[in-house]
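Asks: Quick one: this structure, given as structure tokens, is what I'll be asking you about.
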Amino acid sequence: MEEKLKELTLLLLYLTSWKEDELPIEMRRSWKGYPFDVLNELSDEDFIRGSIRSKSVYLTEAGIKEAKALMKKYQINDV
């Protein structure tokens, strides 16, 4: 069950993310309104990054790739 919670949290972070256009590289940010223990695990796996003080995180390339794989796994069409 814990693995599914982590997968679904990453998926929700991706689906609710937005592109940061002001930066030289494309970044996807999302609000981190999810359980901190799950966010910490995703951070440990380098799927997300962000400051402890900030209210948002950004998805790494690995996080975006994993989220897209999870969309296929859970049969969610690209949005």
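Asks: Consider only pairs whose beta carbons are under 6 Å apart and that are at least six residues apart or on different chains; among these, list those whose first residue lies in the stretch 1-20 and is among the acidic types (D, E) and whose second residue is surrounded by 12 or more Cβ atoms within 10 Å (Cβ to Cβ).
Replies: Pairs that qualify, where the first residue is among the acidic types (D, E) and the partner is surrounded by 12 or more Cβ atoms within 10 Å (Cβ to Cβ), are E7/L70; E20/M27; E20/R29.
Asks: Please find, among V38, V57, the residue that is out of contact with any Asp or Glu (no Cβ under 8 Å at 6 or more places or on another chain), closer than 14 Å to L5 by Cα and at pLDDT 95 or above. Working first, answer last.
Replies: Numbers: V57 fails: closer than 14 Å to L5 by Cα.
When all the criteria are applied, what remains is V38.
Asks: Evaluate the following for L5: is it buried (at least 19 other Cβ atoms within 10 Å of the Cβ) and among the aliphatic types (A, V, I, L, M)? Break it down into steps so the answer makes sense when it comes.
Replies: Numbers: buried (at least 19 other Cβ atoms within 10 Å of the Cβ): no; among the aliphatic types (A, V, I, L, M): yes.
In short, no.
Asks: Right, something else. So, in the stretch 59-79, of the ones that are in contact with a Leu (Cβ under 8 Å, 6 or more places away or on another chain) and not in a loop (DSSP other than H, G, I, E, B), which residue ends up nearest to S17 (Cα to Cα)?
Replies: First, pick out the residues of the stretch 59-79 that are in contact with a Leu (Cβ under 8 Å, 6 or more places away or on another chain): 59, 63, 66-67, 70-71, 74, 76, 79.
Among the residues that remain, those that are also not in a loop (DSSP other than H, G, I, E, B) are: 59, 63, 66-67, 70-71.
Values: L59: 9, G63: 12, E66: 14, A67: 11, L70: 15, M71: 14 Å.
Step by step, filter the stretch 59-79, then rank; the result is L59.
Asks: Further question: Counting only residues that are within 18 Å of E66 (Cα to Cα) and surrounded by fewer than 19 Cβ atoms within 10 Å (Cβ to Cβ), which one in the stretch 11-27 is farthest from the chain's Cα centre (by Cα)? Outline the logic, then answer.
Replies: Here is the first cut: in the stretch 11-27, the residues within 18 Å of E66 (Cα to Cα) are 11-19, 26-27.
Those still in the list that are surrounded by fewer than 19 Cβ atoms within 10 Å (Cβ to Cβ) too: 12, 15-16, 18-19, 26-27.
Details: L12: 7, L15: 8, T16: 9, W18: 11, K19: 12, E26: 14, M27: 11 Å.
Filtering the stretch 11-27 for residues that are within 18 Å of E66 (Cα to Cα) and surrounded by fewer than 19 Cβ atoms within 10 Å (Cβ to Cβ), the one farthest from the chain's Cα centre (by Cα) comes out as E26.
Asks: In addition: Among the numbered criteria (1) small (G, A, S); (2) surrounded by 11 or more Cβ atoms within 10 Å (Cβ to Cβ); (3) on the phi < 0 side of the Ramachandran plot, which single criterion is violated by S51?
Replies: Among (1) small (G, A, S); (2) surrounded by 11 or more Cβ atoms within 10 Å (Cβ to Cβ); (3) on the phi < 0 side of the Ramachandran plot, S51 violates only (2).
Asks: Quick one: what pairs do we get from the stretch 26-51, first residue among the hydroxyl-bearing types (S, T, Y), second surrounded by fewer than 18 Cβ atoms within 10 Å (Cβ to Cβ) and not in a strand (DSSP E or B), C-beta under 9 Å, 6+ apart or different chains?
Replies: Listed by first residue and then by second, the contacts come to S30/L12; S30/L15; S30/T16; Y34/L12; S43/G50.
Asks: Let me ask something else. For the stretch 19-34, check the following and say yes or no: at least one residue is of a type in the set (D, E) and touching a helix residue (DSSP H, G or I) at 6+ places or on another chain (Cβ under 9 Å). Even if it seems obvious, please write down each step before you answer.
Replies: So in the stretch 19-34, the residues of a type in the set (D, E) come out as 20-22, 26.
Filter once more, so that each one left must be touching a helix residue (DSSP H, G or I) at 6+ places or on another chain (Cβ under 9 Å): none.
No.
The values are calculated or read from the model by the stated rules, or taken from the named source; none is laboratory data. This is a predicted model, so every value here is computed, not measured. Every residue, glycine as well, gets a Cβ built from its backbone with ideal geometry; the counts of neighbours run over all protein chains shown.
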